[in-house]
Amino acid sequence: MENKIIVLALDEQGKYVTQEELDIIRSFWKEYHPMRLCIELGAFVGLRAADIVNLKVPGHSQFEGFSEDFRTLRYIVSKPSVKKDRIKHKIKERQIPSWLADKLFLYFKNNLYIFKGNRLFPFSTKYIWDEIKKMRDRNCDKHPWLKEAYQVIQYKSGRIQKLYRIAFHTLRAYWITNHYQACGDLVKTARTIGHTKIDTCMKYIRFPNLKEDERGIAETIFNLPNQPKHYVSKDQSKLSEWGAKQPHYDSSTQPIMINGFYIIKCKTCSKIFHSKSKKRKYCSNCSETFKKSS
């Protein structure tokens, strides 16, 4: 059975990072720090963390690695095949911005002694994820947006998981959004980043003015002429009586049940928790606070 998820309290734009936020994140590391270069490769080239840790230095192979001037990158993408029990290997070629290529060139020339196995960065994918987590924890007091998150519920297990908006993979969404806005061609963006399905590429693109654009279209294109005017009754008591008789759904009185557990929103802190009893109104933390105060 597929382990589906239900998204709770998710911003309509999903995971994203703005230009101002990205500049702040980059400033947490020095100019030629390997972690800062990884951040810039993720945001300005669109590489995954797994791709970055396997990048090869120039002259390593004709199939993969940077060119001598770091303007061009060829790397191998390994993707498991679902239908066939094997792993597909694809060679991708990407163009590196000139300013970033110059930084990578100087980093390479000044650190020739650390490139074991001809890898450009001497660490693993887990190291990158841990560094992002440490960055969030160190700077969240000054920059609260680093801790912005949404919750997902795994449909099969009922387990609640918190996903942060600022993660390393968010940088890939930044590149895809800006590339699409620049070229206006979704197919070209998908092929450049390496997505075989257009639907996959669409999930990364952010439309910050989506609601405003929809309202403008609704009032212009779909504003049919010569339509009768509709007036709302001024007798609000009659409207209230009519609304009270209509069936409606209230999440506080009728919580969702998944695998024998009710998904409830705490009335005090708005935290999502699961319980076997649908009568619970407060999470465990708020319940303990009430007990201590009493």
Problem set entry | Amide proton proximity set for Arg206, modelled H, under 5 Å, gap of 5+ | Thr177
For this session: Can you check what the net charge comes to around Pro144, using other residues whose Cβ is under 12 Å from the Cβ of Pro144 (Lys, Arg +1; Asp, Glu -1)?
Result: +1
For this session: For the pairs Lys134/Lys162; Lys56/Lys109; Lys203/Lys278; Lys30/Lys134, note any where the Cα-Cα span goes beyond 23 Å.
Result: Lys203/Lys278
Exercise. Amide H neighbours of Ala149 under 5 Å, counting only residues 5+ apart in sequence or on other chains, H built in-plane at 1.01 Å?
Worked result: Arg165
For this session: Please list, in chain and number order, the residues 5+ apart from Ile96 or on another chain whose amide H is under 5 Å from its amide H, with Hs placed from the backbone.
Result: Thr72, Leu73
For this session: Would you kindly derive the ³J(HN,Hα) couplings of the stretch 23-39 from the backbone phi angles with the Karplus curve 6.51 cos²θ - 1.76 cosθ + 1.60 (θ = phi - 60°), listing them in order in whole Hz, with x for Gly and Pro?
Result: 4, 5, 4, 5, 6, 6, 10, 5, 4, 10, 5, x, 5, 5, 5, 5, 4
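The numbers here are math on the coordinates, done by the rules we state, and not lab data. Nothing here was measured: the structure is a model prediction, and the numbers come from that model. Methodologically, a virtual Cβ is constructed for each residue, glycine included, from the backbone with ideal geometry; neighbour enumeration extends over all protein chains shown.
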